[in-house]
1. Mind checking which residues of the range A:147-168 are more than 24 Å from B:LEU77 (Cα to Cα) and surrounded by fewer than 18 Cβ atoms within 10 Å (Cβ to Cβ)?
2. Every residue in the range B:11-43 that is within 28 Å of B:ILE71 (Cα to Cα) and not in a helix (DSSP H, G or I), please.
3. Being within 24 Å of A:PHE25 (Cα to Cα) and at the interface with chain B (Cβ under 9 Å from one of its Cβ atoms) is the filter; apply it to the range A:60-83 and report the residue that is modelled with the highest pLDDT.
4. Got a sec? Which of A:TYR139, A:TYR102 is touching a strand residue (DSSP E or B) at 6+ places or on another chain (Cβ under 9 Å) and either in contact (Cβ under 8 Å) with a residue 24 or more places away in the chain or closer than 22 Å to B:PHE76 by Cα (or both)?
5. Restricting attention to the range A:1-26, which residues are surrounded by fewer than 24 Cβ atoms within 10 Å (Cβ to Cβ), aromatic (Phe, Trp, Tyr) and touching a Leu at 6+ places or on another chain (Cβ under 7 Å)?
6. Name the one entry in A:LEU97, A:LEU89 that is within 12 Å of chain B (Cβ to nearest Cβ) and within 22 Å of A:GLN3 (Cβ to Cβ).
7. Cβ-Cβ distance below 8 Å, separation of 6 or more or different chains: which pairs start in the range B:26-46 with a residue that is in contact (Cβ under 8 Å) with a residue 12 or more places away in the chain and end on one that is surrounded by fewer than 11 Cβ atoms within 10 Å (Cβ to Cβ) and among the β-branched types (Val, Ile, Thr)?
8. Filter the range A:102-125 down to residues that are basic (Lys, Arg) and facing chain B (nearest Cβ under 7 Å) and give me whichever is farthest from the chain's Cα centre (by Cα).
Amino acid sequence: MQQDASLDTSFWNIAAQIGVVPYLFSFFKIHFCEAVEREIVTTDPNETPLVFPQAMLFTVFKEDGRLHQTEPNTPEPKFGVGEAHAISLARERSWILLINDYRPLRFAQTLGVRCVSVPGFCVLLYATQRITLAAARGYLRRLATTTSPRLIRQAEASVDQIAIERGELL
Amino acid sequence: MTVRMVTKSVRFLPEESEELANLSKASSLSESALMKELILEGIRLKKLELAIHAYMERKTDLRGGAVMAGISFNRFLREIQARNIVVLENEDFLGELAFLAETFDSQSLRAAVERVRTSDQEDR
């Protein structure tokens, strides 16, 4: 069953880079705020003709009706506009927050918001048999350069435990 | 609307001045135009450097860093990734996985988290 989730730019961009965005819709009904959309689709003035792949992907899924625009009633005054809206939306509606940036993630956790990061989502994909062991390991490897070593080690260990249980790993 | 330009003066050592003159000739730009180009590029790089430093010290987040650097979120994230700077830490990552296991009723994930948690505690 799909869970309602508020999307933060940090999650979308990194999930898009490693290629797991299409799997999101099997698990989550994704809501975005206008501020988040603006961050995802905006390029620098000197790069105007560029369209980042994550921005293109966002536009395609939005036109496809899989991304739902929802605004919070009272955006959190802390942090930047996108985060403030994404965190507040999750908090106000008791939704999951999809986020992949350390500081706002910690802040959201202190507010009692349940957060899901890209590595966590990759482990879920393997646990629910959406992807192979090799794919799960490949995704986590791609995240390793910008994710804390301890978190990656725990993610890999979890994947390995599931693989051992399934007999895919000795 | 007319923009009022501001003059800033800089004092160079003779060898620095000569180097600037040589660069000016080589790039077919007046010394003044070249200096302006170099300073603007320097400002851009300095802002980016300060923003990256602030991000590394966890004084700001990706969004705040982008604002400090005067660039888009996407561009700042690329700069951070190019330098292999950690964007994600979560002291309770196993808690996140346990939450996912409960939410999506995954027995195998639930069991895996328990085993990793036990193994982590034994390692300490």
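1. Across the range A:147-168, the qualifying residues are A:ILE164, A:GLU165, A:ARG166, A:GLY167, A:GLU168.
2. Result: B:SER27, B:LEU29.
3. Restricting attention to the range A:60-83, the residues satisfying the condition of being within 24 Å of A:PHE25 (Cα to Cα) are A:60-72, A:82-83.
Next cut, at the interface with chain B (Cβ under 9 Å from one of its Cβ atoms) only: A:82-83.
On the way: A:GLY82: 63, A:GLU83: 69.
Only one residue fits best here, namely A:GLU83.
4. On the way: A:TYR139 fails: touching a strand residue (DSSP E or B) at 6+ places or on another chain (Cβ under 9 Å).
One residue alone meets the criteria, A:TYR102.
5. Listed by number, the list holds a single entry, A:TYR23.
6. On the way: A:LEU89 fails: within 12 Å of chain B (Cβ to nearest Cβ).
Being within 12 Å of chain B (Cβ to nearest Cβ) and within 22 Å of A:GLN3 (Cβ to Cβ) holds for just one of A:LEU97, A:LEU89, which is A:LEU97.
7. B:MET35/B:VAL10
8. Here is the first cut: in the range A:102-125, the residues basic (Lys, Arg) are A:103, A:106, A:114.
Narrowing the set further to residues that are facing chain B (nearest Cβ under 7 Å) leaves A:103, A:114.
Working: A:ARG103: 15, A:ARG114: 13 Å.
This residue is A:ARG103.
The values are calculated or read from the model by the stated rules, or taken from the named source; none is laboratory data. Just so you know, these numbers come straight off a predicted model, no measurement behind them. We place every Cβ from the backbone using ideal geometry, glycine too, and count neighbours over all the protein chains shown.
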